[in-house]
1. Which condition number in (1) within 15 Å of the ligand (Cβ to nearest atom); (2) assigned to a helix (DSSP H, G or I) is the one that Gly324 fails?
2. Give me a count of the residues in the range 6-38 that are outside any loop (DSSP other than H, G, I, E, B) and either touching a Leu at 6+ places or on another chain (Cβ under 7 Å) or within 14 Å of the ligand (Cβ to nearest atom) (or both).
3. Could you list, in sequence order, the residues of the range 268-292 that are outside any loop (DSSP other than H, G, I, E, B), within 20 Å of Ala136 (Cα to Cα) and of a type outside the set (A, V, I, L, M)?
4. Kindly provide the set of residues from the range 208-237 that are assigned to a helix (DSSP H, G or I), among the aliphatic types (A, V, I, L, M) and crowded, with 20+ Cβ neighbours inside 10 Å, ordered by number.
5. Search the range 46-65 for residues being part of a helix (DSSP H, G or I) and among the small types (Gly, Ala, Ser), and hand back the single one that is surrounded by the most Cβ atoms within 10 Å (Cβ to Cβ).
6. Inside the range 253-267, can you point out the residues that are within 30 Å of Thr16 (Cα to Cα) and in a helix (DSSP H, G or I)?
7. Which one of these is out of contact with any Leu (no Cβ under 8 Å at 6 or more places or on another chain) and under 23 Å from Glu303 (Cα atoms): Ala239, Ala255, Ala284?
8. Return yes when Thr114 is more than 14 Å from the ligand (Cβ to nearest atom), polar (S, T, N, Q) and open to solvent by less than 20 Å² (accessible area, probe 1.4 Å) and no when it is not.
Amino acid sequence: MTHTCFPSNFIWGAATASYQIEGAWNEDGKGESIWDRFSHTPGAVANGDTGDVACDHYHRWCEDVALMKTLGLQAYRFSIAWPRLLPAGRGDVNQAGLDFYDRLVDALLEAGITPFVTLYHWDLPQALQDAGGWPARATAEAFVEYADLASRALGDRVAHWITLNEPFVSAVVGYLDGRHAPGHTNLDEMLAAAHHLLLGHGWAVPVIRQNRPQAEVGIVLNLGGQHPASPSPADRAAAWRQDGVIHRWFLDPLAGRGYPADVVQWRGRPMDFVMGGDLEHIAAPLDFLGVNYYTRGIVRSQEIPENENEPRTVFPNPEHTEMGWEVYPEGLYEILGRLHFCYPFPALYVTENGAAYPDQVGPSGEVDDARRVSYLEQHLVQAGRAIAVGVPLRGYFAWSLLDNFEWAHGYSKRFGLVYVDYRTQQRILKRSAHWYGRVIAANGVMD
Ligand code: FCB
C-alpha cells in the first residue's frame, strides 16, 4: 500500500448545479428556465421527472451547508440559476433570488467553505430562448449583463468564478442531439450556440475581474480521451475527429488558436456568426480551466475501407457505471497531462468526477456504496500521478454532493456522496461521504 499525498494547499470540494438540486422552480419571483419548460414537456425526461422540487435545496440550504461542514469540505461548487436573478433573462432584477445566494455564500464562508460559483449550468431563462436562445448573439450580451450583476452582488465574498459548465453539452446535446433543453436538432443552431456560449464567456471574464479584481476566473469543459477502437487509420481518423468535435472545438479558441481547421472543413458549414474580434475576446486569459472527467470515448469509424482489415480492438471486460460509462481512471491522468503539456492554462481543477450506482438504503439505514468509493479512489490516485509529473492541479470536486436530478435521466441515476430520499427529503451520508471526509482530513488516499 502506498499513500497518495496531495499538496498542502490542494482544495477538496464537491459540486452541484442549481436546476439539479434547488427545486422551488417558480417561487419568490423566479422566472421559467429552459429546463423547467423541457422537463414539463411530456416524454422529454425519464419517468416524467422534473426539477420542480428536486432536493428542495432552496429551502434546505442551511441543512445542506451543515452536511458539507460535517464532511470537512473545503470548497463547494454550485451554480446560480440565471432566471432566479433575472426572471426574463435581462432587465428587472429579482431581489429575492439575489438574497438566496447571498445567504448561501455567507453560510458557506461562516462554515469555512470556499464558494466556487458557476454562472451557467444550463438553465437559460426561457424568455431568452424564446428570443432565439444561444444561437442568437444577443444571448451572449445578456449573459454578460447577468455575469456583471452576479459578480457585483457576490464579488466581495466570492473569489472563484466559473463562467460556463460544459458548453459542448449546452450546444451539442441541447441544440443538435435534442436530448437536453431546449431539445432542438439543428446543426447550424448548434454551431452558432457554441460560438455564442464561448463569446459570452470571453466577454464576461474581464467584467468579473473588474467587479472582483483578485478573482480567479475560469471555464469548465467536459473532457476525456477519444481513443480509436483499433490502430486502423480509419478508426484513428475518426477518433481525432471526435476529439476535435468535443475537445479542440472549445480548447483551441479558448487558448487563442481559433477553431480547429480540420473540424471546420469537415463540418462544411458557414461560420458567418463569427465576427471580427470575437476570437480575441474568446481567448481572454484564464486563471484556470475546470475539467469534468467521467470516462473516455472509444471511437469506431463508420466505414472501414476494404483494404483495411486490422482487427478491431476488444477492450477487456471493462467495468461500467450505471450510466453505462466505462470506469477508466487512467483517462484522468491522460487528459490532465495533455492539458498541461499542450495548452497554456495556468492552473487546472477537476471540477467534476464521480459515478452513478443503484444505491439502496440498507436494513440499518446505511448506504454502502463501495463501488463509488473504489471509483473515486482510483481517480484520485490518477490525479496524484498527474501532480507528480508537474500538472498544476489545484483542487478536486466530487460530483455530486447530493443525489439529484440527472437531466434527461431524471432521478433514476444517483451520483451523490449523500443519499436523498426524494419522498421525505431525508439526507443520508453514504459510505463514500464518510470515506471522502477521511480523504480530506488526511489530504490523501491509500492505494
Ligand atoms: C455533467 C454535468 C453534471 C452532471 C454530470 C453527471 O456533464 O455537468 O451536471 O449531470 O455530468
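1. Going through (1) within 15 Å of the ligand (Cβ to nearest atom); (2) assigned to a helix (DSSP H, G or I) one by one, Gly324 breaks only (2).
2. Summing the residues that are outside any loop (DSSP other than H, G, I, E, B) and either touching a Leu at 6+ places or on another chain (Cβ under 7 Å) or within 14 Å of the ligand (Cβ to nearest atom) (or both) in the range 6-38 gives 11.
3. So in the range 268-292, the residues outside any loop (DSSP other than H, G, I, E, B) come out as 278-282, 288-292.
Still in the running and within 20 Å of Ala136 (Cα to Cα): 278-282.
Within the range 268-292, Asp278, Glu280, His281 qualify.
4. Answer for the range 208-237, where residues must be assigned to a helix (DSSP H, G or I), among the aliphatic types (A, V, I, L, M) and crowded, with 20+ Cβ neighbours inside 10 Å: just Ile208.
5. Initially, the range 46-65 is screened for residues part of a helix (DSSP H, G or I), giving 46-48, 57-65.
Right, trim to among the small types (Gly, Ala, Ser) and you get 46, 48.
Working: Ala46: 14, Gly48: 12.
Filtering first and then ranking leaves Ala46.
6. Answer for the range 253-267, where residues must be within 30 Å of Thr16 (Cα to Cα) and in a helix (DSSP H, G or I): Pro253, Leu254.
7. Ala239
8. no
The values are calculated or read from the model by the stated rules, or taken from the named source; none is laboratory data. Small disclaimer: the values here were computed from a predicted structure and weren't measured. Here Cβ is always computed from backbone atoms with ideal geometry, including for glycine, and neighbour counts include all displayed protein chains. Note: accessible area is taken over every heavy atom of the protein model, side chains too, but ligands, DNA and RNA are not part of it. Shrake-Rupley method; radii C 1.70, N 1.55, O 1.52, S 1.80 Å.
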